[in-house]
Amino acid sequence: NSPACSARSERCPRHRSLNRAMQRILAIARLTWKAAFRFRLFLVLAVLLLGSVVLLPLILQDDGTARGFTQILLTYTLTTISGLLGLSTLWLACGTLARDIEEAQIQMVATKPVARWQIWLGKWLGLVSLNAALLALTGASLFVLLHWRARSLPPEQQAILRNEVLV
C-alpha cells in the first residue's frame with residue numbers, strides 16, 4: 001500500500017475506484033447472462049450440447065480397441081462442442097449488441113459513468129463465463145459417458161484404456 005492508503009482500503013481513492021470499476025464490469029456480465037437466458041440460448045445450447053455428447057457416440061461405432069474408442073468419442077464430440085460454443089458465442093454477442101442498440105439500452109449504459117472498456121470487458125466476461133459453464137457441463141457429461149461406455153470394452157482393452165489412454 002502506498003502512504004496515501006490508510007489501513008482500511010475502502011477509504012483509499014484508488015481502491016474505491018477499482019471496486020467501482022469491478023462492480024460495473026460484473027453488472028454488465030450479469031446483464032449478458034440475463035440476455036442469454038432471455039434469448040433461451042443457454043437452455044437450447046445446453047440441450048444441443050448434451051444431445052451431441054450423448055447421441056453422437058451412440059450412433060458412431062468404434063473398432064473395439066481402447067484407442068479407437070476414445071478417438072471416436074473425443075474427436076467427434078469435442079469438434080461438435082467447440083463448433084456449437086463458437087457459434088453460440090457469435091450469436092449471443094451479436095444478438096445482445098443488436099438488442100441493446102435497438103432498444104436504446106446501450107445509450108443508457110454509455111451515458112452512465114461506465115467507460116466503454118468496462119462495457120466491452122463486462123460483455124466479454126459474461127460470454128466467457130457462460131461458455132465456461134456450458135463447457136463444464138458438457139465436459140462432465142463426456143467424462144461420465146466415456147467411463148460408462150468403456151464398460152462395454154473387453155477387459156484387456158479396459159486395462160489399456162486406464163493405463164495408456166486415460167493417463
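For D100, state whether it is surrounded by fewer than 12 Cβ atoms within 10 Å (Cβ to Cβ) and among the acidic types (D, E).
Judged against the criteria, D100 is not a match.
Looking at segment 73-85, which of the residues that are in contact (Cβ under 8 Å) with a residue 24 or more places away in the chain and not aliphatic (A, V, I, L, M) is surrounded by the most Cβ atoms within 10 Å (Cβ to Cβ)?
Checked segment 73-85; the qualifying residue surrounded by the most Cβ atoms within 10 Å (Cβ to Cβ) is T77.
Go through (1) more than 24 Å from R38 (Cα to Cα); (2) surrounded by fewer than 14 Cβ atoms within 10 Å (Cβ to Cβ) and name the single condition L153 misses.
Of everything listed in (1) more than 24 Å from R38 (Cα to Cα); (2) surrounded by fewer than 14 Cβ atoms within 10 Å (Cβ to Cβ), L153 misses just condition (2).
Quick one: Q61 ticks every box in (1) under 18 Å from F37 (Cβ atoms); (2) without any contact (Cβ under 8 Å) to a residue 12 or more places away in the chain except a single one, so which number is it?
Status for Q61: all satisfied but (1).
Please go through segment 47-67 and give me each residue that is surrounded by 14 or more Cβ atoms within 10 Å (Cβ to Cβ) and either charged (D, E, K, R) or out of contact with any Ser or Thr (no Cβ under 8 Å at 6 or more places or on another chain) (or both), ordered by number.
Selection gives L48, D62, T65, A66, R67.
Restricting the search to segment 113-150, which residues are under 30 Å from T65 (Cα atoms) and open to solvent by 40 Å² or more (accessible area, probe 1.4 Å)?
Matches in segment 113-150: L135, A136, L137, A140, F143, V144, H147, W148.
Here are some conditions: (1) in a helix (DSSP H, G or I); (2) of a type outside the set (V, I, T); (3) modelled with pLDDT under 85; (4) open to solvent by 90 Å² or more (accessible area, probe 1.4 Å). Q23 meets all but one. Which one does it not meet?
Status for Q23: all satisfied but (3).
Kindly indicate whether S88 is closer than 13 Å to T138 by Cα, of a type in the set (G, A, S) and open to solvent by less than 80 Å² (accessible area, probe 1.4 Å).
When the stated conditions are applied, S88 does not pass them.
The values are calculated or read from the model by the stated rules, or taken from the named source; none is laboratory data. The shown structure was predicted, so the numbers you read here are calculated from the model rather than taken from an experiment. As a convention, Cβ positions derive from the backbone with ideal geometry for all residues, glycine included, and neighbour counts pool all protein chains shown. Note: areas computed on protein heavy atoms with side chains; ligands, DNA, RNA excluded. Shrake-Rupley method; radii C 1.70, N 1.55, O 1.52, S 1.80 Å.
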